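Shown next, in structure tokens, is the structure this report addresses.
The values are calculated or read from the model by the stated rules, or taken from the named source; none is laboratory data. Everything numeric here is computed off the predicted structure, so don't read it as measured data. Reconstructed Cβ throughout: ideal geometry from the backbone, glycine too, with neighbour counts over all protein chains shown.
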Amino acid sequence: MKLNLKERNGITLIALVITIIVLLILAGVVITTLTGDNGILGKAKTAKTTNDEEKAKEQIKIAVMGSYGKDGELNYDDLTKNLGQIGITELPDTASYPLEVTLDGVSATIEANGEVNFTTSGGYTQTGDTITSPDGKTMKVGDYVDYDPTLEAKASDLTYTSTADKTGADSNQEFNVSTYKSAGYGWRILGVSNGKIRLISEEFIGAGTYTDSNRTKYTLKGQKGYINGIEELNKISAIFGHGKGAEKATSITVEDINGITGYNQETAKYGKGTFWEYGNKVTHTRGEGDTLSSSATNGKTWSGTQSTFNYYDKTNKTFKALTSGSTEITSTAYIYGPATLKDGFTQPVQGVDENGTYNEVNQMLFGKWTMTADNGYYRSFTGTGTEPRYWLASDFVSAYSGYGVYWGLRSVSDGGVYYYGLYYSSGDEYGNSYGVRPVVSLKSDVSLEWNETAKEWKIK
């Protein structure tokens with residue numbers, strides 16, 4: 001008898017093993033996809049970290065943006081309040097720029113003009129005048145670097161014409177990077193900002209063709225010079241920021257100088273007890289006819305006649321006549337010598353050798369000066385070439401009296417930090433000629449190698 005066996009529906013042992021193997025492979029793939037170096041969970045974590053960092057950056061930016069007063073200036077009280085609301089509370093009682101803050105692991109510096117720079121991790125670091133590279137090399141502020149602003153730059157980026165309608169000068173002023181290079185001047189390390197090396201031109205730069213013994217300068221005058229001066233100085237400087245390894249170039253500022261010398265304008269209180277005392281708020285009120293009265297937060301008062309009194313409208317960037325009502329002006333002018341960090345040049349306390357000569361870093365910024373007396377305004381320029389005189393891309397206001405105010409730009413001259421008035425509340429305009437001094441920021445990934453023969457750092 002023949003048996004007819006029906007086919008059975010089921011799974012063989014071999015098929016089961018294969019199925020299990022396939023499932024294990026799939027499970028491995030899934031786990032790797034989730035947890036690997038480039039896995040979903042890792043990417044999600046990275047994305048969250050990135051999102052948290054961007055959120056922190058945005059919060060800091062918003063806090064700064066919401067801290068401007070009606071005058072268009074950054075208000076420190078509002079800034080500290082807004083930063084406190086997002087969790088940044090340990091701040092100086094008085095304005096001290098650049099202001100360093102940290103939020104959720106994100107570090108930033110806030111400049112007096114409201115510019116926010118976020119710190120780049122893993123870059124160059126600076127302690128005092130010593131700089132350490134990511135690969136452990138040490139260098140000093142003032143060291144030379146073989147930066148060439150023409151190398152790898154487009155010819156169209158290497159020239160700039162500052163027009164008379166922007167500067168108030170009698171004619172246009174032309175700048176060409178090749179002029180500075182052909183004069184044989186170099187570049188030196190100014191310091192570190194946001195993990196990046198900053199270089200300063202060895203000498204100040206002038207318009208046109210110049211030599212060491214007969215160097216032309218850059219003229220700014222009157223309303224136009226004051227209103228456009230900072231922007232023009234930065235545009236001139238920008239043409240030096242296209243060379244190999246460079247990220248950008250801007251004009252040197254008084255904050256750059258103060259950061260090196262250690263000068264603190266808030267504690268120095270330049271002009272204390274006068275109308276022009278640093279930080280003094282002076283309210284000028286127009287009465288009947290030509291009468292004018294002034295009162296200041298430090299108690300100074302004045303009243304009399306003044307036929308013309310103009311003030312600067314920051315919102316509209318123009319000067320206007322005060323024909324009625326009042327206007328408040330905050331005095332921000334100051335001068336100091338790097339050896340004393342005091343008004344004028346009294347007995348040296350720092351930054352000079354036993355002979356009273358400026359140290360190397362001060363010489364880089366101010367030239368070589370020697371203090372010749374310890375009780376007065378006596379010093380002499382003992383360097384070679386042309387005495388450093390250059391604009392700083394920083395403005396000021398000085399309420400020099402109860403009836404007068406002047407606006408202008410700061411400068412380095414006569415061995416110290418000074419200022420020059422370009423426009424007066426009386427309507428008078430003045431001009432002066434100083435050099436331009438660019439500051440070049442190198443890219444964060446730039447590596448420097450010491451050249452012992454040339455005694456300078458080479459950009460790799």
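Is it the case, given these coordinates, that His242 is over 30 Å from Asp165 (Cα atoms) and either of a type in the set (A, V, I, L, M) or touching an Asp or Glu at 6+ places or on another chain (Cβ under 9 Å) (or both)? First the steps, then the outcome.
On the way: over 30 Å from Asp165 (Cα atoms): no; either of a type in the set (A, V, I, L, M) or touching an Asp or Glu at 6+ places or on another chain (Cβ under 9 Å) (or both): yes.
In short, no.
If a residue must be at pLDDT below 85 and either outside any strand (DSSP E or B) or more than 30 Å from Ser447 (Cβ to Cβ) (or both), how many such residues does the range 97-110 contain?
Result for the range 97-110: 4.
For the range 76-95, indicate whether the set of residues that are closer than 13 Å to Asn194 by Cβ, out of contact with any Phe, Trp or Tyr (no Cβ under 7 Å at 6 or more places or on another chain) and assigned to a loop (DSSP other than H, G, I, E, B) is non-empty. So that I can check it myself, show each step before the final result.
Here is the first cut: in the range 76-95, the residues closer than 13 Å to Asn194 by Cβ are none.
No, there is no match, as no residue in the range 76-95 is closer than 13 Å to Asn194 by Cβ, out of contact with any Phe, Trp or Tyr (no Cβ under 7 Å at 6 or more places or on another chain) and assigned to a loop (DSSP other than H, G, I, E, B).
Would you please name the residue that is nearest to Ser398 (Cα to Cα), looking only at residues in the range 315-343 that are in a loop (DSSP other than H, G, I, E, B) and hydrophobic (A, V, I, L, M, F, W, C)? Can you show your working first?
Here is the first cut: in the range 315-343, the residues in a loop (DSSP other than H, G, I, E, B) are 315-317, 322-324, 331-335, 337-343.
Checking which are hydrophobic (A, V, I, L, M, F, W, C) leaves us with 322, 333, 335, 339, 341.
Working: Leu322: 17, Ala333: 5, Ile335: 12, Ala339: 24, Leu341: 20 Å.
Ranking the qualifying residues of the range 315-343, first place goes to Ala333.
Is it fair to say Asp428 is at positive phi and either at pLDDT 95 or above or not aliphatic (A, V, I, L, M) (or both)?
Working: at positive phi: no; either at pLDDT 95 or above or not aliphatic (A, V, I, L, M) (or both): yes.
No: the conditions fail for Asp428.
Would you check which residues across the range 233-259 are part of a helix (DSSP H, G or I) and under 15 Å from the mean Cα position of the chain (by Cα) and list them?
Within the range 233-259, the first condition is being part of a helix (DSSP H, G or I), and the residues that meet it are 233-238, 254-259.
Leu233, Asn234, Lys235, Ser237, Ala238, Val254, Glu255, Asp256, Ile257, Asn258, Gly259, listed by residue number.
I need the full set of residues from the range 405-431 which are part of a loop (DSSP other than H, G, I, E, B) and crowded, with 20+ Cβ neighbours inside 10 Å, in order please.
Filtering the range 405-431 for residues part of a loop (DSSP other than H, G, I, E, B) gives 405, 414-415, 425-428, 430.
If the condition is that a residue be part of a loop (DSSP other than H, G, I, E, B) and crowded, with 20+ Cβ neighbours inside 10 Å, then Val405, Gly415, Ser425 are the ones that fit.
Among what's in the range 97-113 and is of a type outside the set (A, V, I, L, M, F, W, C), crowded, with 16+ Cβ neighbours inside 10 Å and touching a helix residue (DSSP H, G or I) at 6+ places or on another chain (Cβ under 7 Å), pick the residue that is farthest from Ser193 (Cα to Cα).
Among residues in the range 97-113 that are of a type outside the set (A, V, I, L, M, F, W, C), crowded, with 16+ Cβ neighbours inside 10 Å and touching a helix residue (DSSP H, G or I) at 6+ places or on another chain (Cβ under 7 Å), the one farthest from Ser193 (Cα to Cα) is Tyr97.
Please specify each residue of the range 72-91 satisfying the condition of being surrounded by 15 or more Cβ atoms within 10 Å (Cβ to Cβ) and within 18 Å of Asp395 (Cβ to Cβ).
From the range 72-91, those surrounded by 15 or more Cβ atoms within 10 Å (Cβ to Cβ) are 73-76, 78-80, 82-83, 86, 88, 91; that's our starting set.
Passing the criteria: Glu73, Leu74, Asn75, Tyr76.
Considering only residues that are assigned to a strand (DSSP E or B), of a type in the set (Val, Ile, Thr) and either assigned by TED's automatic domain parsing to the domain that holds Lys224 or without any contact (Cβ under 8 Å) to a residue 24 or more places away in the chain (or both), which ones fall in the range 283-313? So that I can check it myself, show each step before the final result.
Filtering the range 283-313 for residues assigned to a strand (DSSP E or B) gives 283-286, 291-296, 301-305, 310-313.
Going one step further and asking which of them are of a type in the set (Val, Ile, Thr), we end up with 283, 285, 291, 301, 305.
If the condition is that a residue be assigned to a strand (DSSP E or B), of a type in the set (Val, Ile, Thr) and either assigned by TED's automatic domain parsing to the domain that holds Lys224 or without any contact (Cβ under 8 Å) to a residue 24 or more places away in the chain (or both), then Thr291, Thr305 are the ones that fit.
Going residue by residue through the range 368-385, is there one that turns out to be aliphatic (A, V, I, L, M), part of a strand (DSSP E or B) and either closer than 29 Å to Gly72 by Cα or modelled with pLDDT of 95 or more (or both)?
Step one: list which residues in the range 368-385 are aliphatic (A, V, I, L, M), which gives 371, 373.
After this cut, where a residue has to be part of a strand (DSSP E or B) as well, the list is 371.
With the extra rule that they be either closer than 29 Å to Gly72 by Cα or modelled with pLDDT of 95 or more (or both), the set shrinks to none.
Checked against the condition, which is being aliphatic (A, V, I, L, M), part of a strand (DSSP E or B) and either closer than 29 Å to Gly72 by Cα or modelled with pLDDT of 95 or more (or both), the range 368-385 yields no hits at all.
Looking at (1) out of contact with any Ser or Thr (no Cβ under 9 Å at 6 or more places or on another chain); (2) assigned to a helix (DSSP H, G or I), find the lone condition where Gly229 falls short.
Answer for Gly229: the failing condition is (1).
Being part of a loop (DSSP other than H, G, I, E, B), touching a Gly at 6+ places or on another chain (Cβ under 9 Å) and either surrounded by 15 or more Cβ atoms within 10 Å (Cβ to Cβ) or in the same structural domain as Tyr424 (by TED's automatic domain parsing) (or both) is the requirement here; does Gly273 meet it?
yes
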